[in-house]
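Data first, discussion second: the structure below is written as structure tokens.
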Amino acid sequence: MNKESVQLDPLIHAPVRLAILSLLMTVEEADFTYLKEHTGTTEGNLSTHLTRLEEGGLISVTKTFHKKRPKTICAISPEGRKRFHHYLSCLEAILTPEKTE
Amino acid sequence: MNSHKAYEDVQLIKEMLSKTKKNVMGSGKYFALWGYIILVAALSSDYIASSLGKPWVFSVIWLGAMGIGSLITFIFISTDKKRTRVKTFFDRVGGYMGGGFGIAFLLSGIIYPALGVYPYSTIPIVTGMIAGTFLFITACLYQWKFLFGAAFIWWASTIAASLLPYNQRGWAIVFALIFGYIVPGHMLHYKERKGQRDE
């Protein structure tokens, strides 16, 4: 992968969305509160980013109720996992020093 | 994109990954629960079976203990499931492992001796060896170093038990239960609570 030609996925390339996907990569599922606490963002901001990730097919969002209170559960999709791996490859390409012949 | 921004992204990913590593679903509670149940069952079965002179009472007490333990575990899991905010892959693997080893304990501790595969006096050695293996795999899976020590306590106790007269073998297992199961269970529970407070 050429350093100059590396194009980072614009859907992932935002700190909050990258943080969300990083968290979801290592768990089966996480709820809204967990993501809010660990990403350190506001509810409104998190909600916006989750919607964008869901619309892009990177995560699945399930809304349920627990003790009459809404509960939002998020999980990364196979597509999201694939694109996250590709994103990591791109970062690796950028950070790996180019070999001089 | 410059390397500095890429480096920041990598740091962010690393930070998030380290946060999820802390997630375990209250395992210490289950360790301590089963430790106490087995301890009570071991002491009472040993005393009652030997005083009555009826080995089958031993199996009845252990079956009862496993039934009560499973029921309480099921209630705990159901409550935790409702409360939990994150479910990790380790939770799933840990659950499967607990179930698998539970069956192994049932077979080796109750079914095989009842079928006459080996005498009742061999139970502490076989079940102790399985308990050590369970703790060793758990230690590897969750990277809880102190559980490696607990596994070795169990294995050492089974060797000690095999060297003791068979009517005293239970004491080696009682020792292993306290220092290789109940104490680590409480340590784990304390660590989890401390981790939750620190977050």
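So, in the stretch A:12-23, of the ones that are more than 9 Å from every other protein chain (Cβ to nearest Cβ) and in a helix (DSSP H, G or I), which residue ends up nearest to the chain's Cα centre (by Cα)?
This residue is A:17.
So which residues in the stretch B:133-161 are in contact (Cβ under 8 Å) with a residue 40 or more places away in the chain and farther than 19 Å from residue B:191 by Cα, if there are any at all?
B:137
Can you list residue pairs whose Cβ atoms sit under 9 Å apart, with the first residue in the stretch B:53-79 being closer than 15 Å to residue B:29 by Cα and the second being at pLDDT 75 or above and of a type in the set (Lys, Arg)? Count only pairs 6 or more apart in sequence or on different chains.
As it stands, the answer is B:76/B:29, since those pairs meet every condition given.
Is it the case that residue A:79 is farther than 19 Å from residue B:12 by Cα, acidic (Asp, Glu) and more than 13 Å from chain B (Cβ to nearest Cβ)? Before the answer, list the steps.
On the way: farther than 19 Å from residue B:12 by Cα: yes; acidic (Asp, Glu): yes; more than 13 Å from chain B (Cβ to nearest Cβ): yes.
It is true that residue A:79 is farther than 19 Å from residue B:12 by Cα, acidic (Asp, Glu) and more than 13 Å from chain B (Cβ to nearest Cβ).
Scanning for something surrounded by 18 or more Cβ atoms within 10 Å (Cβ to Cβ), in a loop (DSSP other than H, G, I, E, B), more than 9 Å from chain B (Cβ to nearest Cβ) and of a type outside the set (Ser, Thr, Tyr), does the stretch A:45-62 turn up at least one residue?
Initially, the stretch A:45-62 is screened for residues surrounded by 18 or more Cβ atoms within 10 Å (Cβ to Cβ), giving A:46, A:49-50, A:53, A:58-59.
Checking the rest, the ones that are also in a loop (DSSP other than H, G, I, E, B) come to A:58.
So of that shortlist, the ones also more than 9 Å from chain B (Cβ to nearest Cβ) come out as A:58.
Narrowing further to those that are of a type outside the set (Ser, Thr, Tyr): A:58.
Within the stretch A:45-62 (the criterion being surrounded by 18 or more Cβ atoms within 10 Å (Cβ to Cβ), in a loop (DSSP other than H, G, I, E, B), more than 9 Å from chain B (Cβ to nearest Cβ) and of a type outside the set (Ser, Thr, Tyr)), the answer is yes, since at least one residue qualifies.
Where in the stretch B:94-199 are the helices (runs of 4 or more DSSP H), entirely inside, with at least 2 residues that are within 30 Å of residue A:38 (Cα to Cα)? Outline the logic, then answer.
Values: elements: B:112-115, B:123-142, B:145-163, B:169-177, B:183-198.
It comes to B:123-142, B:145-163, B:183-198.
Identify all residues within the stretch A:30-44 that are touching a residue at least 12 places away in the same chain (Cβ under 8 Å) and at the interface with chain B (Cβ under 7 Å from one of its Cβ atoms); write none if there are none.
Of everything in the stretch A:30-44, those that are touching a residue at least 12 places away in the same chain (Cβ under 8 Å) and at the interface with chain B (Cβ under 7 Å from one of its Cβ atoms) turn out to be A:30, A:31, A:38.
With B:159, B:137, B:178 as the choices, which residue is modelled with pLDDT of 90 or more, surrounded by fewer than 18 Cβ atoms within 10 Å (Cβ to Cβ), hydrophobic (A, V, I, L, M, F, W, C) and under 13 Å from the mean Cα position of the chain (by Cα)?
Selected residue: B:137, the only one of B:159, B:137, B:178 that is modelled with pLDDT of 90 or more, surrounded by fewer than 18 Cβ atoms within 10 Å (Cβ to Cβ), hydrophobic (A, V, I, L, M, F, W, C) and under 13 Å from the mean Cα position of the chain (by Cα).
Please identify the pairs in which a residue from the stretch A:5-29 that is over 11 Å from residue B:9 (Cβ atoms) has its Cβ atom under 6 Å from the Cβ atom of a residue that is of a type in the set (S, T, N, Q) and modelled with pLDDT under 85, counting only partners at least 6 apart or on another chain.
Correct list of pairs: A:23/B:20; A:26/B:20; A:27/B:20; A:27/B:88.
Against the condition closer than 28 Å to residue B:93 by Cα and either surrounded by fewer than 16 Cβ atoms within 10 Å (Cβ to Cβ) or in contact with a Gly (Cβ under 9 Å, 6 or more places away or on another chain) (or both), how does residue A:38 come out, does it pass?
Working: closer than 28 Å to residue B:93 by Cα: yes; either surrounded by fewer than 16 Cβ atoms within 10 Å (Cβ to Cβ) or in contact with a Gly (Cβ under 9 Å, 6 or more places away or on another chain) (or both): no.
Spelling it out, it is not the case that residue A:38 is closer than 28 Å to residue B:93 by Cα and either surrounded by fewer than 16 Cβ atoms within 10 Å (Cβ to Cβ) or in contact with a Gly (Cβ under 9 Å, 6 or more places away or on another chain) (or both).
The values are calculated or read from the model by the stated rules, or taken from the named source; none is laboratory data. Source: prediction; values computed, not measured. Every residue, glycine as well, gets a Cβ built from its backbone with ideal geometry; the counts of neighbours run over all protein chains shown.
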